[in-house]
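Take a look at the structure below.
Just so you know, all these numbers are worked out from the coordinates, no wet-lab data involved. These numbers come from a predicted model, not from an experiment. Cβ placement follows ideal geometry from the backbone for every residue including glycine, while neighbour counts extend to all protein chains displayed.
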Amino acid sequence: MLPRVLRWLGRITSLVVLAFVVLSATTPSAAPTATQAIGLVFFPGMVGVGLLLAWWRERTGVLVATLGLVGFYAWSFVSGAHFARGPWFAVCWSPALFFAASWYLRHRQPAHDAAAA
C-alpha cells in the first residue's frame, strides 16, 4: 500500500512542478543565451522528462531527473554563469524522491526471504 501512496504522491507533485515550469516558460522574457540554453536542457528539460518518465518507469525516470539536476548544477558551475543558488531547483526535483522510494519498497527483498534461500 505504501509504495502505491508514494507513487501517487510523486505523480501529483510532479504535475504541480511541471505546471509551474510550463507557466514559467510561457511568460514573456528575453531569449536565452547559448550558455543558458545548454543549462535549460538539463533543467527543466531532463528533469521534466525524468519526472514524466517516472510515471511508467520509476527507476529510469528518477535516474534521468537526477542526472538532469546534477548536470544543471555542474553546467552552472563549469560555465562560469550565475551559479544556481537556493533550494528551488532541488524542490522541483523532489517528486523524484517519492518515485524512488516507491520503486525501492516494491523491489526490496525482505531479509528473512534472502536468508531462507
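Which residues in the stretch 82-102 place their backbone N less than 18 Å from a point set 7 Å from the Cα of ILE12 along the Cα-to-Cβ direction?
The answer is 92-102, whose backbone nitrogens lie closer than 18 Å to the label point.
Determine the distance separating the Cα centre of the stretch 73-102 from the Cα centre of the stretch 30-69; give it in Å without decimals.
Here the two parts' Cα centres lie 10 Å apart.
Would you calculate a helix-derived [θ] at 222 nm for the chain, using -39,500 (n - 2.57) for each DSSP H run of n ≥ 4 and dividing by the full residue count, to the nearest 500?
-22500 deg cm²/dmol
Arrange ARG59, ARG7, ARG108 by Cβ neighbour counts within 10 Å, fewest through most, would you? Present the calculation step by step, with values, prior to reporting the outcome.
Details: ARG59 15, ARG7 20, ARG108 11.
Least to most surrounded, the residues fall as ARG108, ARG59, ARG7.
In percent, what relative contact order does the chain have, based on Cα pairs under 8 Å that are 6 or more apart in sequence? Walk me through the intermediate numbers first.
Details: 112 pairs, mean separation 40.6, N = 117.
Worked out over the chain, it gives 35 percent.
With everything on Cα atoms, drop me the angle between helix 95-107 and the longest principal axis of the chain, reported from 0 to 90° to the nearest 10.
Helix 95-107 sits at roughly 20 degrees to that axis.
What distance in nm separates the two pseudo spin-label positions at ALA90 and ALA19, each 7 Å out from Cα along the beta-carbon direction?
It is 2.6 nm.
Working from Cα positions, state the angle (0 to 90°, nearest 10) between the long axis of helix 58-78 and the longest principal axis of the chain.
30
Out of the chymotrypsin sites (Phe, Trp or Tyr not before Pro) in the stretch 56-97, which ones are loop residues according to DSSP with at most 13 other C-beta atoms within 10 Å?
TRP56, PHE83
Take VAL78, project a point 7 Å from its Cα along the Cβ direction, then tell me which residues of the stretch 28-45 have their backbone nitrogen under 15 Å from it.
Zone members listed by number: 35-43.
Modelled label-to-label distance, ARG57 and VAL41, 7 Å Cα→beta-carbon offset: nm?
Result for the modelled spin labels: 2.0 nm.
Which of the following values of Kirkwood radius over Cα pairs in Å was calculated from the structure shown: (1) 14.5; (2) 15.9; (3) 15.3?
Correct label, based on the coordinates given: (3).
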